[in-house]
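Below you'll find the structure, written out as structure tokens, and then a few comments.
The values are calculated or read from the model by the stated rules, or taken from the named source; none is laboratory data. Quantities reported herein were computed from a predicted structural model and do not represent experimental measurements. Reconstructed Cβ throughout: ideal geometry from the backbone, glycine too, with neighbour counts over all protein chains shown.
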């Protein structure tokens, strides 16, 4: 076993410059001087024993309104999350920044995926990154005033004046949307040809939502691409900081809106870690079963629309019909379909209804033959293979550099699934395999997802056959208010019930992050509590944001038709990118 990373850094750089912080999730959390952060990150990435070679996330916290600060905290804190596959461990590096608009060195020369993360921090907090190739807004319009995740920025529309669109403002907004190749370092012509700039989206069927991609073309060949995101941004993190811990749950449904309760789970596991809540075995099993049903539902949307993107019109109708069969189960159990809002702090909203097992049994008996049928219809189709094999290729090393997770990572040959390697919600009790492929192309990413549906069926069947008895929700006081009958017997119980229902639970101070294997990759909520009824800071790290950033890199040299294959194989959701 290697020495703890804190001791390793102290011995390498000096004992007195680092400070270790204890956190609720027990992730090594190390405060680092801003002048040393580049050297520390270079060491962790390349030189350390069992290096932390993935930049998982980069975000910031506005500390100025925090009631009790950690020793050494400044006005803002930069938070770097790195991951080591060899250690199977995250490390959290924090840098204290002082001043109204501080600046730090960019790390885009270490990790290419840092580009968008640094732009997002600049956009949301106003923190500048010296040496960044193009530091401009990414989620907000370039004409936006202020930085939304700073504490002085209003959280509600009622705190801002009524919206007015004058002719002058309209002209300014339209002008801001004009694309200038020079601004992005793109040339208008080469030695022997003029380049064409093609605007795809934000209303285009091939982009699966309000995504805009500007292509630099030499004939049909893609020279470069500029993804323009943010059209779906609605302030999910800001809303998390104004809602109570409980009332934020339905907002999480709408992030990867195809993943359903998978969004709830990543958030609630982190809240439960902060509060020290133990979830009963029955509730864990119900959660796993529903997450896997939603994994199948999400993959069916991807499967059908991907086939449609490359020219097959029939599969999407069959697959959406089967998705309805999943939703019949979800609706019978939860009452809702795409957005069931059914997981709760400490468990689930209700126990399973009578007849749930018959519905689930019927589905797992029905679906395998449909998967075999789709395999013949799509995966073995010569035209489908011609459009996907050898297209959008990236290596395992490139995938890690760009922060690729989930099926996109496993398609490069790495047998890594958070449900196996860092199990949560009882996943360690299930027998299932991790599908992998070798070539890292569009076809292999499809192979992995198709095989994942088979494994999800295995997990669901185990939930069905081994559903434990017991409570569907924890009896922890932060999860469940006192029984109504006891509230009439003493004032303390009545007050506790009233506050829990009206204001919501008060989560103890601390911070935590739990990473789950969601439908599209690793999903997590990094939450900071200052001992209040609302989170102080909500950071949503989604897989689609990292994946979309890779589009220019894996599209160069291919054709416009290939781009639609690359986008379809990626399986992103715009709300998952923009939040």
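One table, with the values for the structure above:
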| quantity | calculated |
| --- | --- |
| Answer from 128, 92, 45, 137 - the residue that is out of contact with any strand residue (DSSP E or B) (no Cβ under 8 Å at 6 or more places or on another chain) and not assigned by TED's automatic domain parsing to the domain that holds residue 422 | 137 |
| Flag for residue 142 being surrounded by 10 or more Cβ atoms within 10 Å (Cβ to Cβ) and modelled with pLDDT of 90 or more | no |
| Single match in 561, 569, 518 (criterion: assigned by TED's automatic domain parsing to the domain that holds residue 426 and surrounded by fewer than 24 Cβ atoms within 10 Å (Cβ to Cβ)) | 561 |
| Residues satisfying the stated conditions in region 366-381, i.e. surrounded by 12 or more Cβ atoms within 10 Å (Cβ to Cβ) and part of a helix (DSSP H, G or I) | 367, 368, 370, 371, 373, 374, 375, 377, 378, 379 |
| Matching option when the condition is assigned by TED's automatic domain parsing to the domain that holds residue 270, touching a strand residue (DSSP E or B) at 6+ places or on another chain (Cβ under 9 Å) and surrounded by fewer than 23 Cβ atoms within 10 Å (Cβ to Cβ), among 504, 531 | 531 |
| Residues that are touching a helix residue (DSSP H, G or I) at 6+ places or on another chain (Cβ under 6 Å) and under 17 Å from residue 42 (Cβ atoms), drawn from region 85-105 | 91, 95, 104, 105 |
| The listed residue being more than 25 Å from residue 142 (Cβ to Cβ) and either out of contact with any strand residue (DSSP E or B) (no Cβ under 9 Å at 6 or more places or on another chain) or not assigned by TED's automatic domain parsing to the domain that holds residue 535 (or both), out of 278, 203 | 278 |
| Pairs, first at positive phi and without any contact (Cβ under 8 Å) to a residue 60 or more places away in the chain in region 413-433, second part of a loop (DSSP other than H, G, I, E, B) and crowded, with 17+ Cβ neighbours inside 10 Å, C-beta under 6 Å, six or more apart | 413/436 |
| Filter result for residue 320 (assigned to a helix (DSSP H, G or I), surrounded by fewer than 24 Cβ atoms within 10 Å (Cβ to Cβ) and under 25 Å from the mean Cα position of the chain (by Cα)) | yes |
| Helices (runs of 4 or more DSSP H) wholly inside region 194-308 containing at least 3 residues that are free of Cβ contacts under 8 Å to residues at least 40 places away in the same chain and in contact with a helix residue (DSSP H, G or I) (Cβ under 6 Å, 6 or more places away or on another chain) | none |
| Hits in region 175-193 (condition: farther than 17 Å from residue 139 by Cα, in contact with a strand residue (DSSP E or B) (Cβ under 8 Å, 6 or more places away or on another chain) and assigned to a helix (DSSP H, G or I)) | 181 |
| Residue in region 450-469 that is under 19 Å from the mean Cα position of the chain (by Cα), surrounded by fewer than 23 Cβ atoms within 10 Å (Cβ to Cβ), assigned to a loop (DSSP other than H, G, I, E, B) and on the phi < 0 side of the Ramachandran plot present | no |
| When residues of region 249-277 are limited to those that are over 16 Å from the mean Cα position of the chain (by Cα) and crowded, with 22+ Cβ neighbours inside 10 Å, the one nearest to residue 578 (Cα to Cα) | 271 |
| Residue match in region 66-78 (condition: in contact with a helix residue (DSSP H, G or I) (Cβ under 8 Å, 6 or more places away or on another chain) and either crowded, with 20+ Cβ neighbours inside 10 Å or outside any strand (DSSP E or B) (or both)) | yes |
| Qualifying positions in region 496-524 - modelled with pLDDT of 80 or more and part of a helix (DSSP H, G or I) | none |
| Residue count, region 511-559 (criterion: in contact with a helix residue (DSSP H, G or I) (Cβ under 8 Å, 6 or more places away or on another chain) and at positive phi) | 1 |
